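As C-alpha coordinates, the structure follows; a few thoughts come after it.
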Amino acid sequence: MEPKRIREGYLVKRGSVFNTWKPMWVVLLEDGIEFYKKKSDNSPKGMIPLKGSTLTSPCQDFGKRMFVFKITTTKQQDHFFQAAFLEERDAWVRDIKKAIKCIEGGQKFARKSTRRSIRLPETVDLGALYLSMKDMEKGIKELNLEKDKKIFNHCFTGNCVIDWLVSNKSVRNRQEGLMIASSLLGEGYLQPAGELSKNAADGTAENPFLDNPDAFYYFPDSGFFCEENSSDDDVILKEEFRGVIIKQGCLLKQGHRRKNWKVRKFVLREDPAYLHYYDPAGGEDPLGAIHLRGCVVTSVESNPDVRKSEEENLFEIITAEEVHYFLQAATSKERTEWIKAIQVASRTGK
(Lines give C-alpha, C1' and ligand atoms only; values in the text may rest on other atoms or scores of the structure.)
Protein backbone atom coordinates (compact mmCIF):
# COMPACT_ATOMS: atom_id res chain seq x y z
CA MET A 1 0.00 0.00 0.00
CA GLU A 2 1.48 3.34 -1.09
CA PRO A 3 2.04 6.04 1.54
CA LYS A 4 -0.69 8.67 1.71
CA ARG A 5 -0.03 12.01 -0.01
CA ILE A 6 -0.51 14.77 2.56
CA ARG A 7 0.51 17.89 0.63
CA GLU A 8 2.12 18.71 -2.72
CA GLY A 9 3.14 21.81 -4.64
CA TYR A 10 6.05 23.88 -5.89
CA LEU A 11 8.85 24.85 -3.50
CA VAL A 12 12.35 26.11 -4.22
CA LYS A 13 14.99 23.63 -3.02
CA ARG A 14 18.68 24.20 -2.42
CA GLY A 15 20.86 21.65 -4.20
CA SER A 16 23.07 19.43 -2.05
CA VAL A 17 26.00 19.43 -4.52
CA PHE A 18 26.14 22.80 -6.30
CA ASN A 19 24.13 24.75 -3.69
CA THR A 20 21.95 26.31 -6.37
CA TRP A 21 18.28 27.03 -5.68
CA LYS A 22 15.77 25.52 -8.11
CA PRO A 23 11.98 25.12 -8.10
CA MET A 24 10.87 21.54 -7.50
CA TRP A 25 7.53 19.75 -7.32
CA VAL A 26 7.49 18.56 -3.71
CA VAL A 27 5.28 15.80 -2.31
CA LEU A 28 4.86 15.25 1.44
CA LEU A 29 4.07 11.61 2.25
CA GLU A 30 3.34 10.04 5.62
CA ASP A 31 6.91 8.80 5.96
CA GLY A 32 8.99 11.14 3.79
CA ILE A 33 9.29 13.94 1.25
CA GLU A 34 9.79 13.31 -2.46
CA PHE A 35 10.90 16.04 -4.84
CA TYR A 36 10.62 16.04 -8.63
CA LYS A 37 12.07 18.26 -11.33
CA LYS A 38 8.57 18.54 -12.84
CA LYS A 39 5.13 17.56 -11.64
CA SER A 40 4.72 15.25 -14.66
CA ASP A 41 7.89 13.23 -13.87
CA ASN A 42 7.28 9.59 -12.95
CA SER A 43 10.26 9.18 -10.64
CA PRO A 44 11.56 11.61 -7.99
CA LYS A 45 15.01 13.18 -8.01
CA GLY A 46 15.29 12.42 -4.31
CA MET A 47 13.57 11.29 -1.13
CA ILE A 48 13.96 12.66 2.43
CA PRO A 49 12.96 10.20 5.20
CA LEU A 50 11.07 11.88 8.03
CA LYS A 51 11.66 9.31 10.76
CA GLY A 52 13.99 10.87 13.32
CA SER A 53 14.25 14.12 11.33
CA THR A 54 13.99 17.59 12.85
CA LEU A 55 12.50 20.71 11.30
CA THR A 56 13.73 24.29 11.72
CA SER A 57 11.45 27.21 10.82
CA PRO A 58 12.10 29.99 10.23
CA CYS A 59 15.57 29.15 8.94
CA GLN A 60 17.85 32.20 9.03
CA ASP A 61 20.89 30.58 7.35
CA PHE A 62 20.43 32.63 4.17
CA GLY A 63 20.20 36.34 4.82
CA LYS A 64 18.22 37.56 1.82
CA ARG A 65 16.04 34.48 1.40
CA MET A 66 12.69 34.64 3.13
CA PHE A 67 10.25 31.83 4.03
CA VAL A 68 12.93 29.12 4.23
CA PHE A 69 12.65 26.01 6.40
CA LYS A 70 15.21 23.28 7.04
CA ILE A 71 14.84 19.53 7.51
CA THR A 72 17.73 17.71 9.18
CA THR A 73 17.74 13.93 8.83
CA THR A 74 19.09 11.35 11.30
CA LYS A 75 22.29 11.26 9.20
CA GLN A 76 22.71 15.01 9.83
CA GLN A 77 21.95 15.92 6.23
CA ASP A 78 20.35 19.35 5.84
CA HIS A 79 17.67 20.00 3.23
CA PHE A 80 16.54 23.59 2.62
CA PHE A 81 13.20 24.59 1.08
CA GLN A 82 11.85 28.04 0.29
CA ALA A 83 8.13 28.83 -0.03
CA ALA A 84 6.66 31.64 -2.13
CA PHE A 85 5.11 33.42 0.87
CA LEU A 86 4.72 33.16 4.64
CA GLU A 87 1.40 31.31 4.83
CA GLU A 88 2.55 28.71 2.32
CA ARG A 89 5.67 28.02 4.39
CA ASP A 90 3.65 27.77 7.61
CA ALA A 91 1.21 25.29 6.03
CA TRP A 92 4.08 23.02 4.91
CA VAL A 93 5.79 23.31 8.30
CA ARG A 94 2.61 22.40 10.22
CA ASP A 95 2.00 19.29 8.10
CA ILE A 96 5.65 18.14 8.20
CA LYS A 97 5.80 18.56 11.98
CA LYS A 98 2.59 16.59 12.36
CA ALA A 99 3.87 13.83 10.03
CA ILE A 100 7.08 13.52 12.09
CA LYS A 101 5.06 13.41 15.32
CA CYS A 102 2.77 10.70 13.90
CA ILE A 103 5.78 8.56 12.91
CA GLU A 104 7.27 8.89 16.39
CA GLY A 105 3.96 7.93 18.00
CA GLY A 106 3.23 5.09 15.60
CA GLN A 107 0.06 6.85 14.39
CA LYS A 108 -1.51 7.46 11.00
CA PHE A 109 -1.56 11.04 9.72
CA ALA A 110 -5.19 12.22 9.87
CA ARG A 111 -6.72 15.68 9.70
CA LYS A 112 -10.06 14.60 11.15
CA SER A 113 -9.01 13.68 14.66
CA THR A 114 -10.75 16.78 16.05
CA ARG A 115 -14.21 15.26 15.72
CA ARG A 116 -13.29 12.49 18.15
CA SER A 117 -11.18 14.56 20.54
CA ILE A 118 -13.93 17.12 21.25
CA ARG A 119 -16.89 14.75 20.71
CA LEU A 120 -18.43 16.57 17.79
CA PRO A 121 -21.90 15.17 16.97
CA GLU A 122 -21.91 12.96 13.87
CA THR A 123 -24.89 14.95 12.52
CA VAL A 124 -22.71 18.04 11.98
CA ASP A 125 -21.58 18.31 8.34
CA LEU A 126 -18.49 20.49 8.48
CA GLY A 127 -18.07 20.48 4.71
CA ALA A 128 -21.56 21.89 4.13
CA LEU A 129 -21.06 24.41 6.93
CA TYR A 130 -17.79 25.54 5.36
CA LEU A 131 -19.52 26.18 2.01
CA SER A 132 -22.19 28.25 3.78
CA MET A 133 -19.51 30.28 5.54
CA LYS A 134 -17.89 31.03 2.16
CA ASP A 135 -21.15 32.16 0.51
CA MET A 136 -20.51 35.52 -1.19
CA GLU A 137 -23.75 37.10 0.07
CA LYS A 138 -24.65 35.36 3.33
CA GLY A 139 -21.28 34.03 4.48
CA ILE A 140 -18.50 35.50 6.58
CA LYS A 141 -17.11 38.70 5.10
CA GLU A 142 -13.40 38.63 4.28
CA LEU A 143 -11.59 41.80 5.32
CA ASN A 144 -8.16 43.40 5.26
CA LEU A 145 -7.19 43.77 8.93
CA GLU A 146 -4.21 45.53 10.45
CA LYS A 147 -2.25 44.52 13.55
CA ASP A 148 1.35 45.03 14.74
CA LYS A 149 2.22 47.03 11.59
CA LYS A 150 1.09 44.14 9.39
CA ILE A 151 -1.88 43.95 7.02
CA PHE A 152 -3.75 40.63 6.95
CA ASN A 153 -5.61 40.35 3.65
CA HIS A 154 -8.76 38.28 3.04
CA CYS A 155 -9.28 37.21 6.65
CA PHE A 156 -11.71 37.60 9.56
CA THR A 157 -11.66 37.56 13.34
CA GLY A 158 -12.42 34.67 15.67
CA ASN A 159 -15.39 36.40 17.27
CA CYS A 160 -16.83 37.09 13.78
CA VAL A 161 -16.85 33.32 13.14
CA ILE A 162 -18.74 32.65 16.40
CA ASP A 163 -21.11 35.58 15.72
CA TRP A 164 -21.92 34.10 12.30
CA LEU A 165 -22.48 30.59 13.65
CA VAL A 166 -24.88 31.93 16.32
CA SER A 167 -26.76 34.35 14.05
CA ASN A 168 -27.27 31.64 11.41
CA LYS A 169 -28.59 29.27 14.08
CA SER A 170 -25.83 26.79 13.27
CA VAL A 171 -25.16 26.56 17.02
CA ARG A 172 -27.21 27.28 20.15
CA ASN A 173 -24.64 29.37 21.99
CA ARG A 174 -21.09 30.69 21.81
CA GLN A 175 -19.64 27.72 23.72
CA GLU A 176 -21.06 25.32 21.16
CA GLY A 177 -19.83 27.67 18.42
CA LEU A 178 -16.33 27.43 19.88
CA MET A 179 -16.49 23.64 19.62
CA ILE A 180 -17.63 23.77 15.97
CA ALA A 181 -15.01 26.40 15.06
CA SER A 182 -12.28 24.29 16.68
CA SER A 183 -13.41 21.36 14.54
CA LEU A 184 -13.33 23.49 11.38
CA LEU A 185 -9.82 24.58 12.33
CA GLY A 186 -8.66 21.05 13.12
CA GLU A 187 -9.91 19.66 9.82
CA GLY A 188 -8.35 22.41 7.72
CA TYR A 189 -11.48 24.39 6.80
CA LEU A 190 -10.07 27.39 8.69
CA GLN A 191 -6.43 28.46 9.03
CA PRO A 192 -4.85 30.64 11.77
CA ALA A 193 -3.27 33.98 10.82
CA GLY A 194 -1.06 35.94 13.20
CA GLU A 195 0.79 34.89 16.34
CA LEU A 196 -2.22 34.84 18.68
CA SER A 197 -4.31 32.40 16.67
CA LYS A 198 -1.28 30.32 15.60
CA ASN A 199 -0.14 29.85 19.20
CA ALA A 200 -3.63 28.76 20.21
CA ALA A 201 -3.81 26.28 17.31
CA ASP A 202 -0.43 24.87 18.33
CA GLY A 203 -1.75 24.08 21.80
CA THR A 204 -0.48 26.97 23.91
CA ALA A 205 -4.05 28.10 24.75
CA GLU A 206 -6.91 26.26 26.49
CA ASN A 207 -8.89 26.10 23.25
CA PRO A 208 -7.38 25.74 19.73
CA PHE A 209 -9.83 28.37 18.40
CA LEU A 210 -10.18 31.81 19.97
CA ASP A 211 -13.47 33.75 20.23
CA ASN A 212 -11.46 36.95 20.13
CA PRO A 213 -11.44 40.13 17.97
CA ASP A 214 -7.61 40.06 17.89
CA ALA A 215 -7.37 36.45 16.66
CA PHE A 216 -7.35 36.29 12.86
CA TYR A 217 -8.36 33.36 10.61
CA TYR A 218 -8.81 32.74 6.89
CA PHE A 219 -10.21 30.22 4.41
CA PRO A 220 -7.40 28.04 2.98
CA ASP A 221 -8.33 28.75 -0.66
CA SER A 222 -9.05 32.46 -0.30
CA GLY A 223 -5.69 33.82 -1.45
CA PHE A 224 -4.92 35.14 2.05
CA PHE A 225 -1.52 36.68 2.70
CA CYS A 226 0.14 39.03 5.16
CA GLU A 227 2.30 42.02 4.28
CA GLU A 228 4.43 44.38 6.33
CA ASN A 229 3.60 48.07 6.51
CA SER A 230 6.49 50.28 5.45
CA SER A 231 7.75 52.62 8.17
CA ASP A 232 9.48 54.83 5.60
CA ASP A 233 7.05 57.47 4.33
CA ASP A 234 9.50 58.56 1.64
CA VAL A 235 9.38 55.29 -0.28
CA ILE A 236 8.00 55.94 -3.77
CA LEU A 237 6.64 52.90 -5.55
CA LYS A 238 6.35 52.53 -9.28
CA GLU A 239 2.67 52.88 -10.19
CA GLU A 240 2.18 49.22 -11.14
CA PHE A 241 3.36 48.08 -7.67
CA ARG A 242 0.92 50.29 -5.75
CA GLY A 243 -1.94 47.82 -6.05
CA VAL A 244 -2.94 45.64 -3.12
CA ILE A 245 -1.79 42.03 -3.50
CA ILE A 246 -4.84 39.75 -3.76
CA LYS A 247 -3.23 36.44 -4.70
CA GLN A 248 0.23 34.91 -5.11
CA GLY A 249 1.83 31.54 -5.76
CA CYS A 250 3.75 29.43 -8.28
CA LEU A 251 2.52 28.55 -11.77
CA LEU A 252 4.10 27.21 -14.96
CA LYS A 253 4.50 29.86 -17.68
CA GLN A 254 5.17 29.27 -21.37
CA GLY A 255 7.94 31.38 -22.93
CA HIS A 256 7.01 33.54 -25.92
CA ARG A 257 10.05 32.67 -28.02
CA ARG A 258 11.21 29.15 -27.23
CA LYS A 259 7.77 27.95 -26.06
CA ASN A 260 9.40 26.18 -23.11
CA TRP A 261 7.71 26.00 -19.71
CA LYS A 262 9.25 27.30 -16.49
CA VAL A 263 8.04 27.65 -12.91
CA ARG A 264 7.44 31.27 -11.98
CA LYS A 265 6.20 32.96 -8.84
CA PHE A 266 3.18 35.13 -9.68
CA VAL A 267 1.91 38.11 -7.67
CA LEU A 268 -1.54 39.48 -8.56
CA ARG A 269 -2.29 43.10 -7.65
CA GLU A 270 -5.44 45.14 -8.13
CA ASP A 271 -5.96 48.89 -8.56
CA PRO A 272 -3.89 49.08 -10.69
CA ALA A 273 -4.37 45.53 -11.94
CA TYR A 274 -1.05 43.82 -12.68
CA LEU A 275 0.23 40.25 -12.64
CA HIS A 276 3.99 40.26 -12.01
CA TYR A 277 6.09 37.12 -12.38
CA TYR A 278 9.43 36.36 -10.73
CA ASP A 279 12.15 33.73 -10.70
CA PRO A 280 11.10 31.72 -7.61
CA ALA A 281 14.73 30.81 -6.92
CA GLY A 282 15.65 34.43 -6.20
CA GLY A 283 15.59 38.03 -7.31
CA GLU A 284 13.47 40.90 -6.01
CA ASP A 285 12.79 42.41 -9.44
CA PRO A 286 10.08 40.83 -11.62
CA LEU A 287 10.96 39.14 -14.89
CA GLY A 288 7.87 40.66 -16.44
CA ALA A 289 4.47 42.21 -15.85
CA ILE A 290 1.04 41.62 -17.38
CA HIS A 291 -1.30 44.64 -17.33
CA LEU A 292 -4.72 43.11 -16.70
CA ARG A 293 -7.04 46.04 -17.30
CA GLY A 294 -9.47 44.94 -20.02
CA CYS A 295 -7.86 41.51 -20.43
CA VAL A 296 -9.65 38.25 -21.19
CA VAL A 297 -8.79 35.10 -19.22
CA THR A 298 -10.10 31.64 -20.12
CA SER A 299 -9.45 27.95 -19.55
CA VAL A 300 -7.55 26.16 -22.31
CA GLU A 301 -8.26 22.49 -22.95
CA SER A 302 -5.53 21.90 -25.54
CA ASN A 303 -2.41 23.60 -26.78
CA PRO A 304 -0.33 22.41 -29.76
CA ASP A 305 2.90 23.48 -28.02
CA VAL A 306 2.31 21.26 -24.99
CA ARG A 307 2.75 17.49 -24.84
CA LYS A 308 -0.44 15.53 -24.25
CA SER A 309 0.63 14.44 -20.78
CA GLU A 310 1.11 18.07 -19.74
CA GLU A 311 -2.10 19.61 -21.06
CA GLU A 312 -3.97 19.70 -17.76
CA ASN A 313 -5.15 22.86 -16.02
CA LEU A 314 -4.03 25.37 -18.65
CA PHE A 315 -5.42 28.88 -18.91
CA GLU A 316 -4.75 31.85 -21.18
CA ILE A 317 -4.59 35.58 -20.58
CA ILE A 318 -5.15 37.86 -23.60
CA THR A 319 -4.30 41.46 -22.77
CA ALA A 320 -5.98 44.55 -24.21
CA GLU A 321 -2.94 44.83 -26.53
CA GLU A 322 -3.70 41.24 -27.70
CA VAL A 323 -0.61 39.68 -26.15
CA HIS A 324 -1.23 36.00 -25.29
CA TYR A 325 0.12 34.35 -22.12
CA PHE A 326 -0.28 30.61 -21.46
CA LEU A 327 -0.13 29.49 -17.82
CA GLN A 328 -0.59 26.14 -16.10
CA ALA A 329 -1.87 25.52 -12.57
CA ALA A 330 -1.15 22.41 -10.51
CA THR A 331 -4.82 21.47 -10.12
CA SER A 332 -8.18 22.25 -11.71
CA LYS A 333 -9.29 23.98 -8.51
CA GLU A 334 -6.19 26.19 -8.47
CA ARG A 335 -6.78 27.13 -12.13
CA THR A 336 -10.36 28.17 -11.33
CA GLU A 337 -9.21 30.29 -8.39
CA TRP A 338 -6.61 32.12 -10.48
CA ILE A 339 -9.07 32.75 -13.31
CA LYS A 340 -11.68 34.18 -10.93
CA ALA A 341 -9.11 36.38 -9.15
CA ILE A 342 -7.71 37.73 -12.45
CA GLN A 343 -11.23 38.41 -13.76
CA VAL A 344 -12.05 40.46 -10.65
CA ALA A 345 -8.79 42.43 -10.91
CA SER A 346 -9.30 43.12 -14.62
CA ARG A 347 -12.73 44.61 -13.93
CA THR A 348 -11.93 46.65 -10.83
CA GLY A 349 -8.29 47.65 -11.33
CA LYS A 350 -7.02 50.63 -13.29
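The values are calculated or read from the model by the stated rules, or taken from the named source; none is laboratory data. In this text, all values refer to a predicted model and were calculated from it rather than measured experimentally. Methodologically, a virtual Cβ is constructed for each residue, glycine included, from the backbone with ideal geometry; neighbour enumeration extends over all protein chains shown. Remember, those area values only see protein heavy atoms, side chains included, never the ligands or the DNA or RNA. Shrake-Rupley method; radii C 1.70, N 1.55, O 1.52, S 1.80 Å.
Given a 1.4 Å probe, how much area per residue of segment 129-226 is accessible, in Å²?
Working: 4820 Å² over 98 residues.
Normalised by residue count, the accessible surface of segment 129-226 is 49 Å².
On the protein heavy atoms, probe 1.4 angstrom, tell me the percent of accessible surface of the chain carried by carbon and sulfur.
Carbon with sulfur: 49 percent of the solvent-accessible area.
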**Q.** Relative pair counts by distance (%), Cα atoms of segment 129-226, 5 Å bins
**A.** 2, 14, 27, 27, 19, 8, 2, 0
Q | Matching label, semi-axes √(5λ) of the Cα gyration tensor in Å computed from the structure shown, candidates (i) 44, 24, 19; (ii) 32, 28, 21; (iii) 31, 23, 22 | A | (ii)
Q | Unit charges at the beta carbon, dipole of the chain: most positive-side option, Val27, Val323, Cys160 | A | Val27
